[in-house]
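The values are calculated or read from the model by the stated rules, or taken from the named source; none is laboratory data. Remember, it's a predicted structure, so these values are computed and weren't measured experimentally. Positions of Cβ are generated from backbone atoms using ideal geometry, with glycine treated the same way; all protein chains shown enter the neighbour counts. Note: accessible area is taken over every heavy atom of the protein model, side chains too, but ligands, DNA and RNA are not part of it. Shrake-Rupley method; radii C 1.70, N 1.55, O 1.52, S 1.80 Å.
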Amino acid sequence: MEYTIENDYLKITASEEGGELRSVYDKKGGRELLWQGDPQFWSDRAPNLFPYIARLTEGKYTFEQKEYAMQIHGIVMYAHLCGSVSGKEICFELTSNEKTKVCYPFDFVYRVRYRLENNTLSVRYEVENKDEKCMCFGIGAHPGFRVPFVEGTGFEDYDLEFPRAEAPERICFSEDCFVTGQEPFDGLENGKLKCVHSLFDEDAIVLERAGSEVLLRCRKTSAAIRMECGKMRYLGLWHMPRTQAPYICMEPWSSLPSRKGIVEDLEKQENLLRLQPEETYTDTIRITVLP
């Protein structure tokens, strides 16, 4: 089932399947901004990532000396969530069950809330630890945005801007997309990264310390999509490698995938979040449409 909310600026639709955004429609500009899932390039639109980001080495990890298998990006994007609408907000919820515990041995409640505030869509993540042990997890977002989104422009008419970047570092990946290290990122010119398809020939660009904000801006106009990343530590930028894919994903992540050649012990992976029993984690990212 899908749910829709709207105001004078935006109309959004989201699905109980994964709690995934299906549409972000700019009413003032008369245009769809969210990638619409053309399978030629990428069939998803805006997956929610929990409790792990991207790939696990050999598709598995250990916890308390027991081995578990998990698909790429965790559980939520493959699950049916319970949805509801209250006023200007859509809420989706997933409670742990026998199926989730096969691959993630914790009692939890996960929620994602979509709310409109003028020309801004806020996306609030909540995780409650209902277990008697400390939860180790990652959380994030994977929305794709159409590029170009202004009529009469092309992909290379856009920049990615980082107004709060200080000394960004790039996470290094192997050819099969596992972490191999980290190095200074010198790809910004005056805080900007020009959009060319070859940026993604080696898969995602994942940055740390890139600032809490990134804008996808049309160079020929003032139009932009601003992503405020909340407390998320990392930012992924991606489209399908070695293609002319007409979208870019801007992905706030709390943590990283597995290291190359290492089956991670969830208790020891340093960049994962940790949540004590009966505690609740919250974070909010914001997507603002600028005319």
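Quick look at the numbers
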read-out	value
Cβ-placed point charges (K, R +1; D, E -1), dipole of segment 132-193 about Cα centre in debye, nearest 20	320
Length-normalised contact order of the chain in % [C-alpha pairs under 8 Å, at least 6 apart]	21
15 Å beta-carbon shell around SER96, net charge (K/R +1, D/E -1)	-3
Where GluC sites (Glu not before Pro) fall in DSSP loop in segment 153-241, at most 15 other Cβ within 10 Å	GLU166, GLU175, GLU202
³J(HN,Hα) computed for each position of segment 45-52 - Karplus, 6.51 cos²θ - 1.76 cosθ + 1.60, integer Hz, glycine/proline x	10, 7, x, 9, 10, 5, x, 9
Alpha carbon centroid spacing (whole Å) that separates segment 1-31 from segment 85-101	18
Cα-projected label distance for PHE155 with MET1, points at 7 Å along beta-carbon direction, nm	3.9
Vicinal HN-Hα couplings computed from phi for segment 19-28 (Karplus, 6.51 cos²θ - 1.76 cosθ + 1.60; Hz; Gly/Pro x)	x, 7, 4, 10, 7, 10, 9, 7, 6, 5
Check: segment 184-291 dipole with +1 on Lys, Arg Cβ and -1 on Asp, Glu Cβ, in debye	620
The chain - percent of accessible surface contributed by carbon and sulfur, probe 1.4 Å	44
Entries of LYS60/LYS231; LYS101/LYS130; LYS66/LYS101; LYS194/LYS220 with Cα pairs more than 22 Å apart	LYS60/LYS231
Derived scalar couplings ³J(HN,Hα) [segment 64-81; Karplus, 6.51 cos²θ - 1.76 cosθ + 1.60; whole Hz; x for Gly, Pro]	6, 6, 10, 9, 10, 10, 8, 6, 4, 6, x, 10, 4, 5, 9, 9, 8, 9
Whole-number accessible area per residue in Å² for the chain, which is evaluated in the context of all protein chains at 1.4 Å	45
Rounded if a/c under 1.5, otherwise prolate or oblate - segment 114-217, Cα gyration tensor axes	oblate
Value at 222 nm in deg cm²/dmol, rounded to 500, when DSSP H runs of n ≥ 4 in the chain each add -39,500 (n - 2.57)	-500 deg cm²/dmol
Loop-located GluC sites (Glu not before Pro) in segment 122-151, at most 10 other Cβ atoms within 10 Å (DSSP)	GLU132, GLU151
Calculated on alpha-carbon atoms, Rg and Dmax of the chain in Å	18.5, 57
Viscosity 1.002 mPa s, temperature 20 °C, Stokes-Einstein D of segment 1-98 from Kirkwood C-alpha radius, µm²/s	140
Nitroxide proxy distance, nm - points 7 Å out along Cα→Cβ at THR62 and CYS172	2.6
Relative packing of 59-69, 280-290, which averages over residues the other C-beta atoms within 10 Å, highest first	280-290, 59-69
Cα gyration tensor, segment 159-291 - rounded (a/c under 1.5), prolate or oblate	oblate
